[in-house]
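The values are calculated or read from the model by the stated rules, or taken from the named source; none is laboratory data. Note that the structure is predicted; figures quoted are calculated from it, not measured. Methodologically, a virtual Cβ is constructed for each residue, glycine included, from the backbone with ideal geometry; neighbour enumeration extends over all protein chains shown.
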Amino acid sequence: MTWLSACSLLLLLLASASVSDGAVDVDTVPRLIGTVALELPAFVDIHESQDQSLPYIDRLTLYISTFNPFAFLKNDPVYFMRSPGRHLYNLTNWPITQLAKSAVWPNSPDELPSGVVPGYEGVIWSSGFLVPTKTKGKLELFNMNAADPTKTAINIASEDTKDYAYHRVLWKDMDGDGDMDAVTARFHNANKEQSFAWMENPGKAVNGWTQHEIYKDGPDVSFRNVQLVSGGVAMDCFLSAELWHLRTAIYCIRTGANGGWDNPDNIQMRVIDDTVGQAFDLLVEDFNNDGRVDLLLTAFNNSRHAMTGNVFVYEMPDDLFEGEWVRHVIADNFQPAKGNNKMSPGAPQTFYPTEAYRNEMVNSKPRRKWIAVSGDDDGQAYVLRPASDASDDWRPYEKSVIVNSGGETVGTMAVGDMDGDGYTDIILSGYSANKLFVFTYKPE
Ligand SMILES: [Ca+2]
Ligand SMILES: [Ca+2]
Ligand SMILES: [Ca+2]
Ligand SMILES: [Ca+2]
């Protein structure tokens, strides 16, 4: 063995040894590629089509909602752009196309997976808010596989008997007939009336699905579904971030209970925490890699002496209804712009900055996930990075500003590897700044 090859072998050994020790070094904050002008972008998301005949980069579609609070501009446009990964590094003349201008105050573009409604795959767009003239929301399906998706709108909430504002839809078979139904949380007249409901899939692409109310005056905006075990009993549970009730709560039925969610007697409910202020959004994932799912909550404490936002993680107890939900503050001191109805932070999501980082093991465990969180009315976007990868380390996460948008309010972020190069890309809605910000973790 020559001296040179011995050296290379040594380097190789050192390199592999340090990889198992956590050698993938990544900047906490992604690199700004540039911005794209767009009026009042609010919610952005990317969805991946299940059509495996397409190359990965062309399976992705970017969706953007916009809304204008001024009453005389009644309907607000929503947009899409196919294959965003093909346009990441050329931000002039993005081929952003209007999908519809048929709803007021469009919110989150949620996924409509293939197979939920015959012939349809694409997006379900919720809408409506508390701003005057913007209170009657819809749940519109669009088929992105159609030759002209703009002609495919169906409003499954057209049977509403009052004005409801909608923000989220989850697909779940609620009546056991094999098709996925639309579960949603909504509010009427803001803090006056909330309704957690599901709409029954009729097995075809039609308006006005039959409505079933699950719970009155509970979940109103954000919720998640998860299968849990409480005291040894398998349970089907919804966790909620309740904006108007200033709390986070859990609603469960025993898995397979007779009558399911349609029988109110089946529902066991517990308030997890009513000291958080305005609960905005939540995630249910295993944040510390100990094998148990946790609840992450973003909330703005609007009590007069606080007026500051937090990100919490709760560890779930063995008994969901009697045990203690241990709360950790993983980020604090979010400060919204001054004024009525201003809050911070907003929507969170987990991610890994690179594929190599995702695949790296530290002490035989995967890395803990990072969290991208919108600052909402503080005009900024953040990355929260765990202080360490140890499961028992609940010190606050490292909180870094991705960007100050230069405007009062930002919307949400689309996060994912849009061009498939192994580096995560991020598109942020700069609502007040009237532009999209485009980032990547790929070094220059
Ligand atoms: Ca069903
Ligand atoms: Ca059905
Ligand atoms: Ca956990
Ligand atoms: Ca990428």
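Observations
- Test for Lys162: is it assigned to a loop (DSSP other than H, G, I, E, B) and touching a Phe, Trp or Tyr at 6+ places or on another chain (Cβ under 7 Å): no
- Some residue of the stretch 390-406 being in a strand (DSSP E or B), within 16 Å of ligand 4 (Cβ to nearest atom), closer than 23 Å to Leu62 by Cα and not hydrophobic (A, V, I, L, M, F, W, C): no
- Strands (runs of 3 or more DSSP E) wholly inside the stretch 56-131 containing at least 2 residues that are among the polar types (S, T, N, Q): 60-66, 97-103, 106-112, 122-127
- Of the residues Lys134, Lys101, Lys172, Lys151, the single one that is modelled with pLDDT under 95 and among the basic types (Lys, Arg) is Lys134.
- Boolean, Met199 is modelled with pLDDT of 95 or more and not in a strand (DSSP E or B): no
- Considering (1) closer than 24 Å to Arg224 by Cβ; (2) in contact (Cβ under 8 Å) with a residue 40 or more places away in the chain; (3) surrounded by fewer than 18 Cβ atoms within 10 Å (Cβ to Cβ), the lone condition that Pro345 does not fulfil carries the number (3).
- Those residues of the stretch 175-196 which are more than 9 Å from ligand 2 (Cβ to nearest atom) and either surrounded by 20 or more Cβ atoms within 10 Å (Cβ to Cβ) or touching a residue at least 60 places away in the same chain (Cβ under 8 Å) (or both), in sequence order: Gly176, Ala182, Val183, Thr184, Ala185, Arg186, Phe187, His188, Ala190, Gln194, Ser195, Phe196
- Listed by first and then second residue, the pairs linking a residue in the stretch 78-99 that is touching a residue at least 12 places away in the same chain (Cβ under 8 Å) to a residue that is polar (S, T, N, Q), with Cβ atoms under 6 Å apart and 6 or more places separating them unless they lie on different chains, are Val78/Ser65; Tyr79/Gln98; Phe80/Thr61; Phe80/Thr97; Arg82/Thr61; Leu99/Thr150.
- Meets criteria (buried (at least 22 other Cβ atoms within 10 Å of the Cβ), hydrophobic (A, V, I, L, M, F, W, C) and outside any strand (DSSP E or B)) for Val410: yes
- In the set (1) more than 22 Å from the chain's Cα centre (by Cα); (2) touching a residue at least 12 places away in the same chain (Cβ under 8 Å), Thr161 fails one condition alone, (2).
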